[in-house]
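Written out below as structure tokens is the structure these notes cover.
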Amino acid sequence: MSNFDSAKAWFETQSVEKQCLMSSRAALRTASNLRMFGDRHLLHLKSLRAILITAVRGVGRPEKREELQSNAASASRIAETAATAITNSAPAQGTEEKYYTFLAITASCSAASAAFSTGPAAVAASASSAAEAAEYRLDDRNIAASKASAYSAASNDAKENQIALLQTPVWGKTAVPMASSIHHDNFLNFLGHHVDWAFWRMWYAQMWDGTFRDWDLAIEVATLPDELWEGEDALAKVAEAIRGIEAKRDLLDQITALKGEVSRLRAANHSPSVGHNQGPPLENQEVALRGQIELVWPVLEELEQEVEKSEPDPERIAPLAQKLWAIAVVIAKYCGGKLDVALEKAAETAGEAGTKWAIKFGVGTYLSTNEGVQSVAKAAWKFAMSLAAG
């Protein structure tokens, strides 16, 4: 694997997915080597985007192939421009730091090239640049060892299948070179200093450890439109878009969970053993509560349909959130509880008005459902605000 031509020949025998995964992992090993040339935030964003797209391409989602290849081509061009700018810049930190920064950004550039051109040469170039970048030293003693470690890690990757690579730390069984370990820790600290780096810190750290699993989220970030990645405010624009993606996913998950609870409660309420001729008569409070639960379902249906649109309207989502909150208020009053009541504290309502009725009819079920109603209302408001902000 240390010879470029033999590496290229070997990659030609591998699937596109494995080529991309190996390329992205090679680039990730030295992504933290980027030094201060120009705007460090933009340089890191360009590099991480290129690596993310390559990794996502390696996961193997045919329905996203064209979109990913288009974004990869753009990311590769942007990273290449950044590499050229580094080469032409004044060596503020010295020629050595410029060289290794150039290698690190070149590794991510080549990785993205592999994702859109599916060219073994690009994959081999990414691995080669990453190995060279790994030489970036703390002292003269670890140069050869760091480069050898990078090639060893790439060789070990070659022995694994696609699924195993997705679950393996980027250095695999190879000991992480001391310089790379220090750069990695410093990079995590850098990413932790601003909320706009939250997704990237999580993704980078989990990829490094081999624990990243949320590829649906990664795909959505990788396919964000090019215009968000351009300009001096690119980091803020991308971060806002990611927060919107996360808010939407959270809302849809909560809607699904609440619909399940409401379905179970509706089924129980229509059981022959409750009310009707076969069971004891319903009390007025129980009838009223059932009515409120029935109101939840159509609001959830309408909310879900709006959220799943390609362009959800915050002015339609906010009123639906308000409807759910109003229902939650009524349910809480009937149950003798409070808004945001925790189930384990339900016993604290003993002695309050309505508690005897609550115990008789198992109010815990209603309180549980009501917590879900409140939670969806809050999530809907949060998503509406993210849409408005965008």
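The values are calculated or read from the model by the stated rules, or taken from the named source; none is laboratory data. As the structure is a computational prediction, the values presented were derived from the model and not from experiment. For neighbour counting, all protein chains shown are included, and Cβ atoms are generated from backbone atoms with ideal geometry for every residue, glycine included. All accessible areas refer to the heavy atoms of the entire protein, side chains included, with ligands and DNA or RNA removed. Shrake-Rupley method; radii C 1.70, N 1.55, O 1.52, S 1.80 Å.
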Discussion item. Let's test the formula: R0 of 45 Å, r as the Cβ-Cβ distance of LYS173 and GLU294. What FRET efficiency results, to the nearest 0.05?
Written reply: 0.20
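Ignoring ligands, DNA and RNA, please state the percent of accessible area on region 160-245 from carbon and sulfur, probe 1.4 Å.
53 percent
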Discussion item. Going through the cross-link list LYS64/LYS378; LYS46/LYS309; LYS64/LYS173; LYS259/LYS323; LYS18/LYS309, which pairs have a Cα-Cα distance over 24 Å in this structure?
Written reply: LYS64/LYS378; LYS46/LYS309; LYS64/LYS173; LYS18/LYS309
Item to complete: State the extension gain, in nm to one decimal, for the chain segment bounded by GLU301 and ALA9, taking 0.36 nm per residue of separation less the distance between their alpha-carbons.
Response: 99.7 nm
Worksheet item: Given a Förster radius of 45 Å and the C-beta distance between ILE182 and ALA389 as r, what FRET efficiency does 1/(1 + (r/R0)^6) yield to the nearest 0.05?
Response: 0.75
Discussion item. Please compute the length gained on full extension between GLN162 and GLU227, using 0.36 nm multiplied by the number of residues separating them and subtracting their Cα-Cα distance.
Written reply: 20.2 nm
Worksheet item: How many nm is it between the label spots at LYS309 and ASP209, if each spot is 7 Å from the Cα in line with the beta carbon?
Response: 4.0 nm
Worksheet, complete the sentence: Phi angles of region 177-187, converted by Karplus (6.51 cos²θ - 1.76 cosθ + 1.60, θ = phi - 60°) into ³J(HN,Hα) in whole Hz with x for Gly and Pro, give x, 4, 4, 4, 5, 5, 4, 4, 4, 5, 5
Practice prompt. Calculate, for ASP250 and LYS333, the FRET efficiency according to 1/(1 + (r/R0)^6) with r their C-beta to C-beta distance and R0 22 Å; round to the nearest 0.05.
Written response: 0.20
